[in-house]
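Asker: Can you read through this structure? Questions will come right after.
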Amino acid sequence: MSTRLAKGGRLLDKGRALHFTFNGKRLKGHAGDTLASALLANDQMLVGRSFKYHRPRGIVASGAEEPNALVHLGEGPRMEPNQRVTTTELFDGLTCTSQNHWPNLDFDIGAVNTHLARFLPAGFYYKMFIHPRPFWKHIYEPFIRQSAGLGRASNPGDPDRYEHFYFFCDVAVIGGGVAGLQAALAAAEAGAKVLLMEQTAHWGGRAPVDGGEIDGQPAEDWITATLAKLRDMPNVTLRLRSMGAGVYDHGYLLGYERVSDHTPGTNAPRHRLWRIRAGQIITATGAIERPLSFAGNDIPGVMLASAIRDYAVNYGVSIGDRTVVVTNNDDAYRTAITLKKFGLEIPAILDARQQGGGALAAEARALGIRVENGKGIAKVKGGKRVTGVAICAQAGEGAVLEEIKCDAVAMSGGWSPVVHLWSHCGGKLLWDSAQAHFRPDPANPPRGAQGEAFVVVAGSANGYLDLAGTLSDADAAGKTAAKAMGHKPKSTKAPSATATDEAALEAVWLMPQGANIKLRMKSWLDYQNDVKVSDVQLAAREGYESVEHAKRYTTLGMATDQGKLSNINGLAILSDALGQPIPQTGTTTFRPPYTPISLSAIAGSARDEIFQPIRKTPIHGWHEANGAHFEPVGQWRRPYCFPKGEETHRDAVTREINQTRSRLSLLDASTLGKIIVKGPDAGKFLDMLYTNVMSSLKPGKCRYGLMCNENGFLMDDGVVARIDEDTFLCHTTTGGAESIHGHMEDWLQCEWWDWKVYTANVTEQYAQIAVVGPKARETLAKLTTDDLSNDALPFMGWADLTLADMPVRAYRISFSGELSYEIAVPASHGRALWDALLDAGAEHGVTPYGTEGLHVMRAEKGFIMIGDETDGTVIPQDLNMGWAISKKKDDYLGKRAQERSHMADPNRWKLVGLETLDGSVLPDGAYATAPGHNANGQRMTQGRVTSTYYSPTLGRGIAMGLVHNGPDRMGDVLDFPKVDGGIIKAKIVDPIFFDKDGEKQNV
Amino acid sequence: MSNAVTALNGANYQGFATIADQGLTGMITLRGDLASAGVKAAVKSATGLDVPAQRQALMGQGTAALWMSPDELLLLCPYAEVGARLAAVEKALKGQHFLAVNVSDARTFLRISGKGAREVLAKVCPVDLSPEVFIPGMFRRTRMAQVPAAFWLDETGTFHLICFRSVADYAFELLKASAQPGGEVGLYA
């Protein structure tokens, strides 16, 4: 059983006990524990069930590479699935539960799958569930969804907060082991601004566990001294619990800081996403030990040799009293020696190499440990935990030579550099056959825009698996990076370290090398996805020769760990099955993030009321206080209508329209775009922008205009007012303010750069209130002494007035067909003017109206709406707006496009009014059918509805639509099928339904 | 004119930095040839200041001249004086091609002060706000989370930030969230 040792635990504060629960069981750990070490200290070897076969699974690793030990962490809205216990710092009150089992962890029904493993090979789902087709949706998929998967989705309502942070530095160092520390120091001493990030809560990485001396002092002392130096340097920023998550183009680097995962309940944000621009990035990301592929290598108690060492040294935890070590390299001997020195038993070291190990092997022997060269594990004995191993010759097929009782197996298949961050942005890899791993190819680093390298690799991430090599490589990396940023590195020497005489590793991809199919079917490559040696071999036989295809087919290296333990072993097996060298097979693509980061960190603070900006007019507060029903218009929220009491929206709209047509209403039109265009060439510029002539407009007057893009399509409309000889004010649609301003600047800056025109977007400078209805003039007259007569301020004119003691500009324009003044006032006065107008209009029962009333009234008048009658494919000619297209002008944007044959085609659908025979309202977007069917078997069409409303003014449904030859077919009746199967008949009529001569607005 | 109010109406938040509405401020957008004697004279007469260089903010007594683009400045003055200052600009540039327009009401004008001010901004703006890089007198037009914004730093270490009026609530709430105690990054404070 696993337990806490009396000695060891360099990271623990044994004076501080922490309580936590696992599957409801109350357990105790110490400050400094990870959840993994605390579980192991409580003999909780079994922590989960595997993905497919529901096999019992225990902790395998001690760091970010852990594939098995994933839990649901926390409860309620804080519950998060798939949290690695090895990277979760223990805190008091932590709760977690295991995943992927039913009814419970110890007894899991799904484990029956392990006996069906023969029938669940690689590609099983693809083969099994493809026929019959309809079964997938209704039978197979629901079943698979039920049985597959890791954790449950988290619950809504996360109470924690998250944020981003932008940071800039010369050199960002990822990884705070001895390599990262030395690289950071070398770069910082050269004068570079350095950021050093370490994903765990501790500096120094593996060195304090693995031992060795640096500059004549123990590694731990050197780490302390180096940190002190770095802390004293103003140009260095040190961050713990911060992972380099992804490397992107131009030195963009994402850092993932887990600010308060270990201190929940404090007022700190939980995660902080660092958005870093680094001149140079140093990946000092270390290396990850590989498992060995032997039968039963997934049984709880079989762990990486380095992890067993970590738990003993860092956390004072032993995995078992008797640990068998199995290895193909010298490093695993350190585990045997360490455990022996803790007083634990090592029944045997099985060294797959015929020649055995070097100095460390001699040391182990000297400690009295039995070392067997050329031997391996035929099979691990046990179910929910290891009870023993059967030994065989590595060279053979698995004939059992001897069985040894043990509680734990420490395995080491060699070390693979963490090349992920090097690879994210295109860094290439080399196959190092001596060490049997891929390492970064220094000739092919990730490159910037000028072809320059912007990532440097350091230490064991670069394949230097010895302390001396790591430190000198890291020192050089720091200097290289600083130099690339224009700094002068000092001519200091790298720290020295004692070299250990290690024997060469021997690649072992399968143990024993000739393992039969029964053993291969129990030799796991990918623990998380239940992929075995036999599955990869099957994939190769079935033709999945590309490593990327084999990955998808077998699921090797997928899911949360992305194959940190399994990839190299898997592709070695694949290469062997394909009979090609490993580098020819290559690796799958390394993609960010290095380990999963929270979606909340990506969202940052963008949630709840700051999820997105909501634009508000100066009068927005009044709308809110008076029960407005809002609708989004771009990022604005505009009142759709103002229902009173229990009134329905439709009733409110009807009331608002009737009030407007009969007496007086107000509309908050502040969102309309307002762009000042000024200069000697302003008139010429607007003549190009609009389809009609603007340069002939007289100061004091307004003119409606259409704007097309260079493809001829109608993109915006609005009223232009000429302010003075040089100055125009262009009103745009609400949604068009920014884009039309950009459109103007585009033409001015890129094409007509020599025209003397300046523009300014003054949309937000003004609140604009439309005062609409037969009582508009007399109401305004109460607030001003200025002359409002039709002569002084006629229709399509404007004037500066003083209204309620406020300076305003009144435009006599109308989108409703009523007598109407749009009053622009500086935004800071907007609310005051609104209040004054409500007061002044009270005697006429003044009411605000919303966008729906606006839409209905404009449709009653046959006015088009950008976005309803237009959709990016409509030209003004389609809308019978030839009157707004100048015949005199040589050119305007869109003119030539509109002359193209398809644009000039008389068969284009054209705008008409539609009047239902029964008075009902046509469905929006409905199509008018024509006889016959097209090549796809669909009904032929001859028109469609673009706007449709109930008109309170006319007491019936009205609509506008685009119809083939429409204007020539007045009186024709069209069929509009409804979604529910019925047909609505509608007559083609003039699109102006109300007050065709405009008598109401021009009084 | 007594009924003029800003969108935030004097709002103030005290976190690990202080976020405050600066109140009504006169603002003039001036577009023209920034190298011309006319613009130089216009800026001088409206603000008493020189024409700012690229990404520079010049600050005077209740005035400022801010570089917005190669042909655009933003001039600040007391709100009540904007009419007179605008007239001064127009007089200085009479007969030349330029655009000067009152935008005093189009903006929200905030102050971010206190030791944590740099970190508050560095959470929402992709700008290097380290003290050795972003120094007093610097001006930056940028993005603040999801809205455009511009800010500059004065000699007292206070940031002045402008954004559009319509997003005043968003900007204020965003900066509040950034300045919430416990969120100190610990770099610049």
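What follows is calculated from the coordinates using simple rules that are stated; it is not laboratory data. Predicted model, so just to flag it, every value in this text is computed and none were measured. Here Cβ is always computed from backbone atoms with ideal geometry, including for glycine, and neighbour counts include all displayed protein chains.
Asker: Per Stokes-Einstein, at 25 °C and 0.890 mPa s, what whole-number D in µm² s⁻¹ belongs to segment A:571-617, with the Kirkwood radius over Cα pairs as the hydrodynamic radius? Kindly include the intermediate steps, with their values, before the conclusion.
Answerer: Details: Rh = 15.0 Å.
For the chosen part, D equals 163 µm²/s.
Asker: Just need the relative contact order of chain A here, percent rounded to a whole number, with Cα pairs under 8 Å and 6+ apart. Each step should come with its number before you reach the end.
Answerer: Values: 2426 pairs, mean separation 89.9, N = 1003.
The value is 9 percent.
Asker: When N is the residue count of segment A:247-404, what does its C-alpha Rg come to as a fraction of 2.2 N^0.38 Å?
Answerer: Working: Rg = 20.7 Å, N = 158, 2.2 N^0.38 = 15.1 Å.
With N residues counted in segment A:247-404, Rg over 2.2 N^0.38 Å equals 1.37.
Asker: For A:Lys644, which aspartates and glutamates qualify as cross-link partners when the Cα separation must be under 12 Å and same-chain residues fewer than eight apart are set aside?
Answerer: Filter leaves A:Glu656.
Asker: Something else now. Could you size up the charge dipole of the protein assembly as shown around its Cα centre, putting +1 on the beta carbon of Lys and Arg and -1 on that of Asp and Glu, and report it in debye to the nearest 20? If you can, show how the numbers build up before the last one.
Answerer: Values: 124 positive and 129 negative charges, 380 e Å.
Dipole of the protein assembly as shown, to the nearest 20 debye: 1820 debye.
Asker: Return the loop-located trypsin sites (Lys or Arg not before Pro) in segment B:114-189 (DSSP other than H, G, I, E, B) with at most 12 other Cβ atoms within 10 Å of their own Cβ; answer none if there are none. Don't skip to the answer; put the middle values down first.
Answerer: On the way: sites: B:Lys115, B:Arg118, B:Lys123, B:Arg140, B:Arg141, B:Arg143, B:Arg165, B:Lys176; in loops: B:Lys115, B:Lys123.
Within segment B:114-189, the qualifying trypsin sites (Lys or Arg not before Pro) (loop, at most 12 other Cβ atoms within 10 Å) are B:Lys115.
Asker: If you keep only loop residues by DSSP, which chymotrypsin sites (Phe, Trp or Tyr not before Pro) in segment A:265-369 have at most 11 other Cβ atoms within 10 Å of their Cβ?
Answerer: On the way: sites: A:Trp274, A:Phe294, A:Tyr311, A:Tyr315, A:Tyr333, A:Phe342; in loops: A:Phe294, A:Phe342.
When the chymotrypsin sites (Phe, Trp or Tyr not before Pro) of segment A:265-369 are filtered for loop state and at most 11 Cβ neighbours within 10 Å, nothing remains.
Asker: Ok, one more. So for segment A:121-270, what percent of the C-alpha to C-alpha distances run longer than 29 Å?
Answerer: Numbers: 4957 of 11175 pairs.
Roughly 44 percent, once rounded to a whole number.
Asker: Against the empirical 2.2 N^0.38 Å scaling, what ratio does the C-alpha Rg of segment A:312-452 come to? Before the final figure, lay out each step's value.
Answerer: On the way: Rg = 18.9 Å, N = 141, 2.2 N^0.38 = 14.4 Å.
Normalised by 2.2 N^0.38 Å, the Cα Rg of segment A:312-452 equals 1.31.
Asker: Let me know the mean shielding of B:167-177 by other chains, meaning the per-residue number of their Cβ atoms within 10 Å of its Cβ. Before the final figure, lay out each step's value.
Answerer: On the way: counts 6, 4, 8, 9, 2, 1, 5, 5, 1, 2, 10.
Average per residue, whole number: 5.
Asker: Can I ask one more? How long are the three semi-axes of the equivalent ellipsoid of segment A:34-105, in whole Å, if each is the root of 5 times an eigenvalue of the C-alpha gyration tensor, listed from largest down?
Answerer: Values: eigenvalues 61, 46, 25 Å².
Values for segment A:34-105, descending: 17, 15, 11 Å.
Asker: Considering only DSSP beta bridges whose two residues both sit in chain A, what percent are antiparallel, to the nearest 5? Spell out each step's value before the answer.
Answerer: Working: 135 of 181 bridges.
The antiparallel proportion sits near 75 percent.
Asker: With runs of 4+ DSSP H residues as the only contributors, calculate the mean residue ellipticity of chain A at 222 nm using -39,500 (n - 2.57) per run, divided by the residue total and rounded to the nearest 500.
Answerer: Values: 25 runs with 213 residues, N = 1003.
The helix-only estimate for chain A comes to -6000 deg cm²/dmol at 222 nm.
Asker: List the equivalent ellipsoid semi-axes of segment A:856-1003 in whole Å, largest first, each obtained as the square root of 5λ for an eigenvalue λ of the Cα gyration tensor. If you can, show how the numbers build up before the last one.
Answerer: Numbers: eigenvalues 133, 105, 27 Å².
Listed largest to smallest, the semi-axes of segment A:856-1003 are 26, 23, 12 Å.
Asker: Across bins of 20 angstrom width beginning at 0, how are the C-alpha pair distances of chain A distributed, in whole percent?
Answerer: Calculated P(r), rounded to whole percents: 12, 31, 23, 23, 10, 1.
Asker: Fully extended, how many nm does the chain gain between A:Ala395 and A:Asp835 (0.36 nm per residue separation, minus their Cα-Cα distance)? The partial results should precede the final answer.
Answerer: Working: separation 440, 0.36 × 440 = 158.40 nm, distance 9.31 nm.
Here the segment from A:Ala395 to A:Asp835 would lengthen by 149.1 nm.
Asker: Still on this structure: Throw me the Rg/Rh for segment A:520-583, computed over C-alpha atoms with Kirkwood Rh, two decimals. Walk me through the numbers before you get to the answer.
Answerer: Details: Rg = 10.2 Å, Rh = 11.2 Å.
Reported Rg/Rh (Cα atoms, Kirkwood Rh): 0.92.
Asker: Under the 0.36 nm per residue contour assumption, what length would be gained going from the current alpha-carbon distance of A:Cys750 and A:Ala366 to full extension? Can you show the working numbers first?
Answerer: On the way: separation 384, 0.36 × 384 = 138.24 nm, distance 8.10 nm.
Stretched out fully, the A:Cys750 to A:Ala366 stretch lengthens by 130.1 nm.
Asker: Considering every Cα-Cα pair within segment A:623-674, what fraction, in whole percent, is farther apart than 17 Å? Don't skip to the answer; put the middle values down first.
Answerer: Values: 552 of 1326 pairs.
Counting pairs separated by more than 17 Å, the tail of P(r) holds 42 percent.
Asker: OK, next. Residues in segment A:550-593 near a label at A:Lys428, defined as backbone nitrogen under 18 Å from the 7 Å Cα→Cβ point?
Answerer: Those under the cut-off are A:581-590.
Asker: Same structure again: In segment A:648-715, if every C-alpha pair distance is counted and binned at 5 Å from zero, what percent goes to each bin?
Answerer: Calculated P(r), rounded to whole percents: 3, 12, 15, 16, 12, 11, 12, 11, 6, 2, 0.
Asker: Okay, moving on. For A:Arg607 and A:Asp980, FRET efficiency with R0 = 45 Å and r from the beta-carbon atoms, rounded to 0.05?
Answerer: Details: r = 39 Å, r/R0 = 0.88.
The value I calculate is 0.70.
Asker: For chain B, find the longest principal axis of its Cα atoms and tell me its angle to the long axis of helix B:82-92, 0 to 90°, nearest 10.
Answerer: It is inclined by approximately 50 degrees.
Asker: Follow-up. Note down, for segment A:694-838, the three equivalent ellipsoid semi-axes (square root of 5 times each alpha carbon gyration tensor eigenvalue), biggest first, whole angstrom. Mind showing how you got there, number by number?
Answerer: Details: eigenvalues 175, 49, 44 Å².
For segment A:694-838, the ellipsoid semi-axes come out as 30, 16, 15 Å.
Asker: Hey, another quick one. Calculate the spin-label point distance for A:Asp791 paired with B:Glu90, positioning each point 7 Å from the Cα along the beta-carbon direction, and give it in nanometres.
Answerer: Output for this residue pair reads 2.8 nm.
Asker: Also, I was wondering about something else. Using helices alone, I'd like the mean residue ellipticity at 222 nm for chain B: each DSSP H run of four-plus residues gives -39500 (n - 2.57), total over residue count, nearest 500.
Answerer: Values: 4 runs with 39 residues, N = 189.
The per-residue figure over chain B is -6000 deg cm²/dmol.
Asker: Can you give the Rg to Rh ratio of segment A:486-637, both from alpha-carbon atoms, with Rh computed by the Kirkwood formula?
Answerer: Working: Rg = 27.7 Å, Rh = 21.0 Å.
Taking Rg over the Kirkwood Rh, I get 1.32.
Asker: Placing one identical point scatterer on every Cα of segment B:95-189 and ignoring solvent, what is log10 I(q)/I(0) from the Debye formula at q = 0.20, 0.24 Å⁻¹?
Answerer: Relative scattering, expressed as log10 I(q)/I(0), comes to -0.97, -1.33.
Asker: Averaged across orientations, what area in nm² does the convex hull of the alpha carbons in segment A:592-703 project?
Answerer: Convex hull of Cα atoms, orientation-averaged projection: 14.3 nm².
Asker: Another question, if that's okay. Taking R0 as 45 Å, what FRET efficiency do you get between A:Thr224 and B:Thr142 from their Cβ-Cβ distance, rounded to the nearest 0.05?
Answerer: Values: r = 41 Å, r/R0 = 0.90.
Efficiency for this residue pair is about 0.65.
Asker: For segment A:416-560, state what percent of all Cα-Cα pairs lands in each successive 5 Å bin, counting from 0 Å until the bin that includes the largest distance.
Answerer: The calculated distribution, bin by bin, is 2, 8, 12, 14, 16, 15, 11, 9, 7, 4, 2, 1, 0.
Asker: Please determine, in degrees from 0 to 90 and to the nearest 10, the orientation of helix A:219-231 with respect to the longest principal axis defined by the Cα atoms of chain A, where the helix direction is its Cα long axis.
Answerer: Long axis of A:219-231 versus the principal axis of chain A: about 30 degrees.
Asker: To continue, here is another question. Would you kindly calculate the translational diffusion coefficient of segment B:27-103, applying Stokes-Einstein with the Kirkwood radius from alpha carbon pairs, for 37 °C and a viscosity of 0.692 mPa s, and quote it in µm² s⁻¹ without decimals?
Answerer: Values: Rh = 11.8 Å.
Calculated translational D: 279 µm²/s.
Asker: Between A:His131 and A:Arg541, what's the calculated FRET efficiency when r is the beta-carbon distance and R0 is 30 Å? Round to 0.05.
Answerer: On the way: r = 22 Å, r/R0 = 0.74.
Efficiency at R0 = 30 Å is approximately 0.85.
Asker: Can you give the longest stretch of chain B with no exposed loop site, where a site means GluC sites (Glu not before Pro) in a DSSP loop (not H, G, I, E or B) with at most 11 other C-beta atoms within 10 Å?
Answerer: Numbers: sites that count: B:Glu132, B:Glu155.
The longest uninterrupted stretch comes out as B:1-131.
Asker: Angle between the Cα long axis of helix A:467-484 and the longest principal axis of chain A, 0 to 90 degrees, nearest 10?
Answerer: The angle comes out at about 30 degrees.
Asker: Using only the alpha carbons of segment A:224-326, determine the length spanned along each of the three principal axes and report them from longest to shortest in whole angstroms.
Answerer: 49, 34, 33
Asker: Among the listed pairs A:Lys701/A:Lys756; A:Lys678/A:Lys698; A:Lys684/A:Lys887, which have their C-alpha atoms separated by more than 21 angstrom in this model?
Answerer: Check vs 21 Å cut-off fails for A:Lys701/A:Lys756.
Asker: Further question: So what's segment A:813-935 giving for Rg/Rh, alpha carbon basis, Kirkwood Rh from the mean inverse pair distance? Please list the in-between numbers first.
Answerer: Working: Rg = 20.5 Å, Rh = 18.9 Å.
That ratio is 1.08, to two decimals.
Asker: Please give the residues of segment A:320-351, grouped as numeric ranges, whose backbone N is less than 13 Å from a label point set 7 Å along the Cα-to-Cβ vector of A:Asn373.
Answerer: A:351
Asker: Taking the simple approach of a point 7 Å from Cα along Cα-to-Cβ for both A:Asp918 and A:Glu402, what is their distance in nm?
Answerer: Going by the 7 Å Cα→Cβ label model, 9.4 nm.
Asker: Separate question: Just flag the trypsin sites (Lys or Arg not before Pro) in segment A:638-706 sitting in loop per DSSP whose Cβ has no more than 13 other Cβ atoms within 10 Å.
Answerer: On the way: sites: A:Lys644, A:Arg650, A:Arg655, A:Arg661, A:Arg663, A:Lys674, A:Lys678, A:Lys684, A:Lys701, A:Arg703; in loops: A:Lys644, A:Arg663.
Counting only loop positions with at most 13 other Cβ atoms within 10 Å, the trypsin sites (Lys or Arg not before Pro) in segment A:638-706 are A:Lys644.
Asker: Report the label-to-label distance for B:Ser69 and A:Asp441 in nanometres (one decimal), using points 7 Å from each Cα along the Cα→Cβ vector.
Answerer: Going from the B:Ser69 label point to the A:Asp441 one covers 4.6 nm.
Asker: A further question follows. Taking 0.36 nm per residue of sequence separation and subtracting the Cα-Cα distance, how much length would be gained by fully extending the chain between A:Ala359 and A:His933, in nm to one decimal? Intermediate values should be presented prior to the final figure.
Answerer: Working: separation 574, 0.36 × 574 = 206.64 nm, distance 8.57 nm.
Between A:Ala359 and A:His933, full extension yields 198.1 nm more.
Asker: Now a separate question. Using a simple charge model, +1 on the beta-carbon of Lys and Arg, -1 on the beta-carbon of Asp and Glu, nothing else, what dipole does segment B:6-160 show about its Cα centre, in debye to the nearest 20? Spell out each step's value before the answer.
Answerer: Values: 15 positive and 13 negative charges, 23 e Å.
Computed about the Cα centre, the dipole is about 120 debye.
Asker: Also, I was wondering about something else. What are the radius of gyration and Dmax of segment B:1-138, computed over its Cα atoms and given in Å?
Answerer: In order Rg, Dmax, the Cα atoms of segment B:1-138 give 16.2, 50 Å.
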